[in-house]
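Note sheet for the following structure.
The values are calculated or read from the model by the stated rules, or taken from the named source; none is laboratory data. What you see is a predicted model, and the numbers here were worked out from it, not measured in a lab. Backbone-built Cβ (ideal geometry, glycine too); neighbour counts: all protein chains shown. In case anyone asks, the SASA skips ligands and DNA or RNA and just uses the protein heavy atoms, side chains included. Shrake-Rupley method; radii C 1.70, N 1.55, O 1.52, S 1.80 Å.
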Amino acid sequence: MSPRRERVMVPEAEFTSYYGRPILKPPVWKVPDVPAYLYLGGVAGVSASLAALADATGRSSLRRTGRLAAAVGASASVGFLVHDLGRPERFLNMLRVLKPTSPLSVGSWILAPFGTLAGATAASELTGIAPGLGRIAGVGAGVLGPAMTTYTAVLLADTAVPAWHDAHRELPFLFAGSALAAGGATALLARDAGPARRVAVAGAALELAATTVVERRDRFSAKAFRTGRAGSVLRAARVATAVGGAAAIAGGLVGGRASRVVDGVAALLLNAGSVATRYGVFEAGMVTARDPAYTVVPQRQRLAARQPATEAAGESDGAVTTDGDPDSTASRSSHRSPTES
């Protein structure tokens, strides 16, 4: 039969399950502990940096709001983390060594000193005791603030969970934007909230852009961010963030009591959007860990993409000429005897 007339009698199979069992062991992290930990750490980091900048520029109300928000966020974040771990000593055990190659170890060493410095700064702010030391501690917390906003993204991306690992380039931007939106929105409650407003609006724009990129990437795991519970939550997060960002802009355009009301609405919506974003990312990762298709299908796609290159390399190796070599195929064919032909 001519090769052109051959037909594939059995259609190509689609992967649906691997005996109904997950290939990866899903993380044992609990809800709401871990999503809350992701959200609160980001708010605390941005608030501490805003407070340090406000202190340097003489904005006392913004400084006070930022210091208190950083301390509360860091303390609550540690509380949720310890509750998820089950025993407080497990968190302390992570501080026994500093391993630069481990995001978990580095993250623990970011969270512990940040929480200590933020707590000391807030105590000085509330009591008025040792304002100089409080300022130094506030600068230290502000320096660690950017790391607080993004180290959790690195922590997730360093796992084998397909949705998180595949989005390792976008997750830091997504988490940074979410933290900036929520932290800046929280600081809108201060009287001199001009810088915080700009931070909140920029963070909302970055969060929306990063979320869109994650969902539209040409990779199999991106489907987890668009479908199911994770997709619904992330769509709600985009609405809340977009409306909250618009409200933050409007709050700067109106004056008086109306501005305070609009800023309150913006703060509520942007923080709600940040919470929903963190939970949506968390849920998308858990879905891809439980469903073996997110592990097997990309592996087969990568294998299929490598096959043409491998075959082409094999054909090129077989076509190498060996002029003058009597043992080569070409040489043997040219020296056949009449009886061999």
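Distance in nm between label sites at Ile136 and Arg260, each 7 Å beyond Cα in the beta-carbon direction?
That separation, rounded to one decimal, is 3.8 nm.
Provide the packing ranking of 271-282, 171-182, i.e. peptides ordered by the mean count of other C-beta atoms within 10 Å per residue, highest first. Don't skip to the answer; put the middle values down first.
Details: 271-282: 25.7, 171-182: 27.7.
Ranking, from highest mean packing down: 171-182, 271-282.
Could you state, as a whole-number percent, how many of the C-alpha pairs of segment 22-156 are farther apart than 26 Å? Mind dumping the intermediate values first?
Working: 2178 of 9045 pairs.
For segment 22-156, the share of Cα pairs beyond 26 Å comes to 24 percent.
Any idea what the dipole of segment 180-240 comes to, in debye rounded to 20, about its Cα centre with Lys/Arg Cβ at +1 and Asp/Glu Cβ at -1? Intermediate results must be reported in sequence, preceding the final value.
Numbers: 11 positive and 4 negative charges, 47 e Å.
With Lys and Arg at +1 and Asp and Glu at -1, about 220 debye.
Accessible area of Glu125, 1.4 Å probe, to the nearest 10 Å²?
Number for this one is 30 Å².
When the Cα centres of segment 270-308 and segment 102-123 are compared, how far apart do they sit, in Å?
The distance from the Cα centre of segment 270-308 to that of segment 102-123 comes to 30 Å.
Give me the distance between the Cα centres of segment 129-178 and segment 182-233, rounded to whole Å.
Measuring centre to centre over Cα atoms gives 15 Å.
Relative contact order of segment 151-225, please, whole-number percent, based on alpha carbon pairs below 8 angstrom and at least 6 residues apart. Kindly include the intermediate steps, with their values, before the conclusion.
Values: 89 pairs, mean separation 22.3, N = 75.
Computed value for segment 151-225: 30 percent relative contact order.
So, with a 1.4 angstrom probe, what is the percent of accessible area on segment 108-259 that is carbon and sulfur? Before the final figure, lay out the partial values.
Details: 4400 of 6590 Å².
Carbon and sulfur atoms account for 67 percent of the accessible area of segment 108-259.
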